[in-house]
Amino acid sequence: MLVGYARVSTLEQNLDLQLDALTHAGCEKIFRDTISGAKSERPGLSQAIEFMRQGDVLVVWKLDRLGRSLRDLIDIVSTLRHQGIGFRVLQEAIDTTTPAGELIFHIFGALAEFERALIRLRTRAGLVAARARGRKGGSPRKFTAEQERQIAVAMSNRATTMAELRNLFKASDTTLRRIAAKHQESSRAVTP
């Protein structure tokens, strides 16, 4: 069974062109969304995927009507493939039920992997450049060095209970123990 999916991304647009093309292509049932593709929730698409069975084919008018990004598109088509459902794009003449269409999607998958690898490289390069300028990543420190010393001393003397330290410093037991352990490690490193 051919199942159509149509989506418009703005309220000014209408679905007529897509619906006509999907009907002309032989879709027996058509699901639709009239919300932005940037939104993660697309109830029409979810309903279409839930409705389809093995051997069915999801048909869209254009490739950009299905996925928000290349990665999203690959994920959706992979989900369809795992369920034994084909995928067809009318304007780009892509059909995963054919060997050529399957090849195109393998190429798209490779491009998505390449894009992710480039993003990782750029992120690492940005972190290295930031460190070279003296900036460090991560969350800002909650406690000053003096506060950490006070926590460590109080925990080693056992003069103050964990509950009192929690209330005083507004920190969890795990954080307090981590600070005390770090302080002990640095004390051992300094002491010969």
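The values are calculated or read from the model by the stated rules, or taken from the named source; none is laboratory data. On a predicted model such as this, the values are computed, not experimentally measured, just so you know. Cβ coordinates were reconstructed from backbone atoms using ideal geometry, including for glycine residues, and neighbour counts include every protein chain displayed.
Side notes on the structure shown:
- Entry remark, the stretch 166-177: residues being part of a helix (DSSP H, G or I) and surrounded by 10 or more Cβ atoms within 10 Å (Cβ to Cβ) number 8 in total.
- Only one of the numbered conditions (1) more than 30 Å from I74 (Cα to Cα); (2) over 28 Å from the mean Cα position of the chain (by Cα); (3) loosely packed, with under 10 Cβ neighbours inside 10 Å; (4) not hydroxyl-bearing (S, T, Y) is not met by P99, and that is (1).
- Residue match in the stretch 55-77 (condition: over 26 Å from the mean Cα position of the chain (by Cα) and not hydrophobic (A, V, I, L, M, F, W, C)): yes
- Checked against (1) modelled with pLDDT under 85; (2) surrounded by fewer than 18 Cβ atoms within 10 Å (Cβ to Cβ); (3) in contact with a strand residue (DSSP E or B) (Cβ under 7 Å, 6 or more places away or on another chain), G37 passes all but condition (2).
Quick grid of which residues meet (1) among the small types (G, A, S); (2) buried (at least 18 other Cβ atoms within 10 Å of the Cβ):
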| site | (1), (2) |
| --- | --- |
| A48 | yes, yes |
| G55 | yes, no |
| F87 | no, yes |
| E92 | no, no |
| F114 | no, no |
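So that you can scan it fast, the table gives a plain yes or no per residue for (1) over 30 Å from R71 (Cα atoms); (2) outside the structural domain of R71 (by TED's automatic domain parsing); (3) surrounded by 14 or more Cβ atoms within 10 Å (Cβ to Cβ); (4) touching a residue at least 24 places away in the same chain (Cβ under 8 Å):
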{"residue": "A154", "(1), (2), (3), (4)": "yes, yes, yes, no"}
{"residue": "A159", "(1), (2), (3), (4)": "yes, yes, no, no"}
{"residue": "E164", "(1), (2), (3), (4)": "yes, yes, no, no"}
{"residue": "I179", "(1), (2), (3), (4)": "yes, yes, yes, yes"}
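- I76 being of a type in the set (A, V, I, L, M), in a helix (DSSP H, G or I), assigned by TED's automatic domain parsing to the domain that holds R177 and at pLDDT 85 or above: no
- From the list G67, G101, G84, the one residue that fits, being assigned to a loop (DSSP other than H, G, I, E, B), modelled with pLDDT under 85 and not β-branched (V, I, T), is G67.
- Residue list for the stretch 147-170, filter: under 40 Å from the mean Cα position of the chain (by Cα) and among the acidic types (D, E): E148
- The single condition from (1) among the hydrophobic types (A, V, I, L, M, F, W, C); (2) assigned to a helix (DSSP H, G or I); (3) over 30 Å from I49 (Cβ atoms) that F143 fails is (2).
- Filter pass, V59 being in contact with a Cys (Cβ under 8 Å, 6 or more places away or on another chain), within 24 Å of L19 (Cβ to Cβ) and of a type outside the set (D, E, K, R): yes
Condition check ((1) assigned by TED's automatic domain parsing to the domain that holds A21; (2) surrounded by fewer than 11 Cβ atoms within 10 Å (Cβ to Cβ); (3) assigned to a helix (DSSP H, G or I)) across all residues:
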| site | (1), (2), (3) |
| --- | --- |
| F105 | yes, no, yes |
| A125 | no, yes, yes |
| V128 | no, yes, yes |
| S139 | no, yes, no |
| E185 | no, yes, yes |
